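Scroll down for the structure; my scribbles are underneath it.
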């Protein structure tokens, strides 16, 4: 998938073409680009800043002196920081025209559903490989005799760590997948730790008979 501004000569041309007015403060288009790859853009008026990646825009800096601190608009924007929202979200927003908390809440509810659907396509299932590696080590330990408990413990640690890291990595894009990663990690860790306890008991019993 190409970036939305590939058809333009620059990110600035893209912003002027798609956002004739700033989606946050409503000021007439007045943007500046930044970053090594020029993939960051900011409104010169309200100082709100986004990064552009594929078909998504991430709000990376809040506007200054435009929106009252801790107002319902300010809180809503803080909740959007860092989220890879589809460009259409920002096209439809027109925050300066929203006057009530209820209107903004309804907009967020409707458009965040769209964002979740679009974002889910971008998440790789490769995150499952980390906890699955823990399961592999657990099975490998079954054939290693006295070293089995060590491999079971290592597999359990990798399993739960992979589940936690995967959860933290994708929770803002796909909460369902994030929860599944955490569950898989817990299952793998529980399986490996139980095997470790069993092997320790068998080894202790064997040495106790000597």
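Here are some notes:
- Boolean, residue 64 is in contact (Cβ under 8 Å) with a residue 12 or more places away in the chain and loosely packed, with under 13 Cβ neighbours inside 10 Å: yes
- Subset of region 42-60 that is more than 21 Å from the chain's Cα centre (by Cα) and in a strand (DSSP E or B) - its residue that is surrounded by the most Cβ atoms within 10 Å (Cβ to Cβ): 43
- Here residue 67 qualifies as at pLDDT below 80 and either assigned to a loop (DSSP other than H, G, I, E, B) or out of contact with any strand residue (DSSP E or B) (no Cβ under 9 Å at 6 or more places or on another chain) (or both).
- Counting the residues of region 89-111 that are over 19 Å from residue 71 (Cα atoms), crowded, with 17+ Cβ neighbours inside 10 Å and either at pLDDT 80 or above or in contact with a strand residue (DSSP E or B) (Cβ under 6 Å, 6 or more places away or on another chain) (or both) gives 2.
- The residue that is nearest to the chain's Cα centre (by Cα), counting only those in region 26-35 that are closer than 13 Å to residue 11 by Cα and surrounded by fewer than 16 Cβ atoms within 10 Å (Cβ to Cβ), is 35.
The values are calculated or read from the model by the stated rules, or taken from the named source; none is laboratory data. This one's a predicted model, so the numbers in the text were calculated from it and none came from an experiment. Using ideal geometry, Cβ is built from the backbone for each residue, glycine included, and neighbour counts are taken over all protein chains shown.
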